[in-house]
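Working notes, beginning with the structure itself.
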Amino acid sequence: MKALIENIVVPLVDYPEAIHVTEKEEENKIVYHLEVHADDVGKVIGKNGRIAKAVRTVVYAAGMKSNKRIYLDIM
Amino acid sequence: MRQVTATGLSVEEAVQSALKQLNITENQATIDVIEEGKKGFLGLFGSKRAIVKVSMNEDPVKKAEKYLAGIVNQFDIDISIESSIKDNVVTYHLSGEKIAILIGKRAQTLNALQYLVQLVINRESNKYYTVIVDAEGYRKRREDTLVQLANRKASQVVERKRDVKLEPMPSFERKIIHTALQNNRAVKTFSDGVEPNRYVVIRSV
């Protein structure tokens, strides 16, 4: 899952080395926290959150096979 | 990414020799000048050869395909990707079992993938590409459904003399509706609302 998030986001940004994905498992959900370089925030969120929405849609689709809910936090 | 370092009497000459070695043209390459080179005194003393590093830009269509593959492979299902290009429209056909997970409800996952791939392909390319990501002929099936829907709704509009608003759709699906009813003289179509909730309205004329 972490690899998936990285695969999606790395080619979108200018500072791929600044990308950090951390995973936090809670009772019935898994929260992934995505950190990017300050200059890249716009590139992963997009106009009206359009890119963030697309990233989440794909990540949540991949998370369907696990029985826990998945959340993606973008800092 | 392939790259070569070449030397020559001038920067221009060095670049040409590097391009020849890579068998590409200048607009497919990134050029770094390492040493400008000097003519020297009377072309005899203190002359320095120019050194350049030329690297080949990866074909954006191939690069975007790798990007797409890097995503779908994480789904733990067997998917093969075939790409085709016509003018500036690049189509990636996904096929495999369990493709449904990549399409999602009302193709929301497929459309999200399509949007992301479009971003990546146009990020470094100086040409503008439109990307279509298709899964097992989904787009064609959807197009047929939309054309049918358009015609059905159009006759409804003519009968009842009242506008019909369709559900919100992405731009490329609205286009299918507009195109389908373009030659229907009894109705006109336009889009209303704000993205991502823009929808087509069919009105009788």
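The values are calculated or read from the model by the stated rules, or taken from the named source; none is laboratory data. None of the values given here were measured: they were computed from a predicted structure. Cβ atoms come from the backbone with ideal geometry, glycine included; neighbour counts cover every protein chain shown. SASA here: full protein model, heavy atoms, side chains in, ligands and nucleic acids out. Shrake-Rupley method; radii C 1.70, N 1.55, O 1.52, S 1.80 Å.
Name every residue in the stretch B:97-113 that is surrounded by fewer than 22 Cβ atoms within 10 Å (Cβ to Cβ) and free of Cβ contacts under 8 Å to residues at least 24 places away in the same chain, in order of residue number. B:97, B:98, B:100, B:104, B:105, B:106, B:108, listed by residue number.
Taken over the stretch B:181-195, the criterion of being out of contact with any strand residue (DSSP E or B) (no Cβ under 8 Å at 6 or more places or on another chain) and either closer than 25 Å to residue A:48 by Cβ or modelled with pLDDT of 95 or more (or both) is satisfied by B:194, B:195.
I'd like to check something: does the stretch B:63-75 contain any residue that is touching a residue at least 24 places away in the same chain (Cβ under 8 Å), out of contact with any helix residue (DSSP H, G or I) (no Cβ under 8 Å at 6 or more places or on another chain) and either within 14 Å of another protein chain (Cβ to nearest Cβ) or surrounded by fewer than 16 Cβ atoms within 10 Å (Cβ to Cβ) (or both)? Yes: one or more hits.
Looking across the stretch B:121-156, the residues that are among the hydroxyl-bearing types (Ser, Thr, Tyr) and in contact (Cβ under 8 Å) with a residue 60 or more places away in the chain come down to B:125, B:129. Tell me, which residue of the stretch A:42-57 that is surrounded by fewer than 16 Cβ atoms within 10 Å (Cβ to Cβ) and in contact with an Asp or Glu (Cβ under 9 Å, 6 or more places away or on another chain) is farthest from residue B:102 (Cα to Cα)? That would be A:48.
Would the stretch A:21-29 turn up any residue that is of a type in the set (Lys, Arg) and in contact with a Lys or Arg (Cβ under 7 Å, 6 or more places away or on another chain)? Taking every residue of the stretch A:21-29 in turn, at least one turns out to be of a type in the set (Lys, Arg) and in contact with a Lys or Arg (Cβ under 7 Å, 6 or more places away or on another chain). Output the residues belonging to the stretch A:8-65 that are more than 9 Å from chain B (Cβ to nearest Cβ) and over 14 Å from the mean Cα position of the chain (by Cα). Listed by number, the residues that qualify are A:14, A:15, A:17, A:25, A:26, A:27, A:28, A:29, A:38, A:39, A:47. Residues of the stretch B:189-200 that are over 25 Å from the mean Cα position of the chain (by Cα) and crowded, with 16+ Cβ neighbours inside 10 Å: B:189 alone. Residue B:123: within 14 Å of another protein chain (Cβ to nearest Cβ) and either open to solvent by less than 60 Å² (accessible area, probe 1.4 Å) or modelled with pLDDT under 95 (or both), yes or no? It is true that residue B:123 is within 14 Å of another protein chain (Cβ to nearest Cβ) and either open to solvent by less than 60 Å² (accessible area, probe 1.4 Å) or modelled with pLDDT under 95 (or both).
So, in the stretch B:126-152, how many residues would count as being assigned to a helix (DSSP H, G or I), in contact with a strand residue (DSSP E or B) (Cβ under 9 Å, 6 or more places away or on another chain) and open to solvent by 50 Å² or more (accessible area, probe 1.4 Å)? Counting residues in the stretch B:126-152 that are assigned to a helix (DSSP H, G or I), in contact with a strand residue (DSSP E or B) (Cβ under 9 Å, 6 or more places away or on another chain) and open to solvent by 50 Å² or more (accessible area, probe 1.4 Å) gives 1. Scanning the stretch B:157-174 for residues that are surrounded by 15 or more Cβ atoms within 10 Å (Cβ to Cβ) and either in a loop (DSSP other than H, G, I, E, B) or without any contact (Cβ under 8 Å) to a residue 24 or more places away in the chain (or both), we see that the one that is nearest to the chain's Cα centre (by Cα) is B:170.
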